[in-house]
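Engineer: The structure follows.
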């Protein structure tokens with residue numbers, strides 16, 4: 001996919017990113033369909049487009065996850081981690097996006113693609 005196809009994908013990703021961050025305070029924290037998943041999507045979009053604004057949006061999502069934490073018996077807990085430590089809705093998925101923000105890397109469980117702006121040629 002090259003040229004127009006890649007640009008179309010980038011345009012759709014921009015619309016999805018705008019929708020995903022439209023009201024993050026009402027979203028759950030989880031990786032499946034919550035703020036952690038949105039954070040991963042924004043980091044993927046930053047990698048694909050080369051635009052730093054998506055990483056900045058992911059950092060805002062991480063700050064929101066931080067703002068919604070609580071402490072119980074000296075333990076730091078994230079909001080909505082009602083499933084315990086599992087990945088999709090639990091603490092593992094939330095921690096995963098926070099670690100990716102700090103240390104880099106690609107989204108887990110997916111095939112990566114070469115980074116670059118949407119105008120670059122892709123196989």
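Here, each number is a calculation from the coordinates, and none is a lab measurement. The structure displayed is predicted, hence computed values, not measured ones. When we count neighbours, we look across all protein chains shown, and the Cβ atoms used for this are built from the backbone with ideal geometry, even at glycine.
Engineer: What's the ranking of 87-95, 35-43, 47-55 by average number of surrounding C-beta atoms within 10 Å, highest first?
Structural biologist: Details: 87-95: 20.6, 35-43: 26.0, 47-55: 16.8.
Packing order, densest peptide first, comes out as 35-43, 87-95, 47-55.
Engineer: So how far apart, in nm, are the two label points at residue 18 and residue 55 if each is 7 Å from Cα heading toward Cβ?
Structural biologist: Each label point is offset 7 Å from its Cα along the Cβ direction, giving 2.4 nm.
Engineer: Between residue 33 and residue 86, what FRET efficiency comes out of the Förster formula 1/(1 + (r/R0)^6) with R0 = 22 Å and r the beta carbon distance, rounded to 0.05?
Structural biologist: Working: r = 14 Å, r/R0 = 0.63.
Calculated value: 0.95.
Engineer: How far apart, in nanometres, would the label points at residue 72 and residue 9 be if each is projected 7 angstrom from Cα along the Cα-to-Cβ direction?
Structural biologist: So the label points at residue 72 and residue 9 sit 4.2 nm apart.
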